[in-house]
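Reviewing the structure listed below.
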Amino acid sequence: MPTSPICNRRDAGFSLVELLAVLAILSLMVGAVVINLPKPRSDTDRLSAAMTAQVSRFLEDGAVAGEMRALGFDVDGMALFAHDGRLWSQAAAIPWPDAARITLTQADTRVDLPDTAQPTLLFEPYGAVPYFTLRLSAPEATYSLSADGRGQVVRTVER
């Protein structure tokens, strides 16, 4: 005994046109999502952003504590130095990315990177900032870290 007149029909279900319409709509939705996914970031891009954040936080902590801070550079990476009133101590070391070419300029003069990191750029606790530009040149872009007029280290990207 049938309960519905539709169940007895041979053409019950979805037509091919209806199925194709649903597949087309789903394809458009998937395509919109894939197009809007962010591009994968390179190691140099991620590291330059992390370096900027870490250096900024380190210098701000020095200003709050009233301590002198410094950046040092060598062929292997960048070092963060803190001054305790008598001695400099290395607080952190950040290695250079493998694919990047490093260039440091201070007062429009290129600085050669030494073999060992020493406090080079001194940051006073009251906000005096040495003018410098650190360029990390990678195949996809050039990332620059530099001091702005407010005592902050900022990052710019040149594609």
**Complete:** By the mean-Cβ-within-10 Å protection proxy, highest first, 124-134, 138-148, 109-119, 26-36 rank as 138-148, 124-134, 109-119, 26-36
**Request:** Report the relative contact order of the chain, percent, no decimals, based on alpha-carbon pairs under 8 angstrom and at least 6 residues apart.
**Result:** 19 percent
**Prompt:** For TRP88, what is the net charge nearby, where nearby means another residue's Cβ is under 13 Å from its Cβ and Lys, Arg count +1, Asp, Glu -1?
**Reply:** 0
**Message:** If you take every residue apart from PRO125 with its C-beta less than 14 Å away from the C-beta of PRO125, what net charge results, scoring Lys and Arg +1 and Asp and Glu -1?
**Reply:** -4
**Item:** Unit charges on C-beta of K, R, D, E only; dipole of the chain, Debye
**Value:** 640 debye
**Request:** Under 12 Å from the Cβ of THR103, count the other residues' Cβ atoms, weight Lys and Arg +1, Asp and Glu -1, and hand me the total.
**Result:** +2
**Asked** Given R₀ = 22 Å, FRET efficiency for GLN90-ALA63 by Cβ-Cβ distance, to 0.05?
**Response** 0.70
**Message:** Between (1) 22, 18, 17; (2) 59, 18, 13; (3) 20, 19, 16, which entry matches semi-axes √(5λ) of the Cα gyration tensor in Å as derived from the coordinates of this structure?
**Reply:** (2)
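Every number here is computed from the coordinates shown, using simple stated rules; none is lab data. Everything quoted here is computed from the prediction, not taken from an experiment. Reconstructed Cβ throughout: ideal geometry from the backbone, glycine too, with neighbour counts over all protein chains shown.
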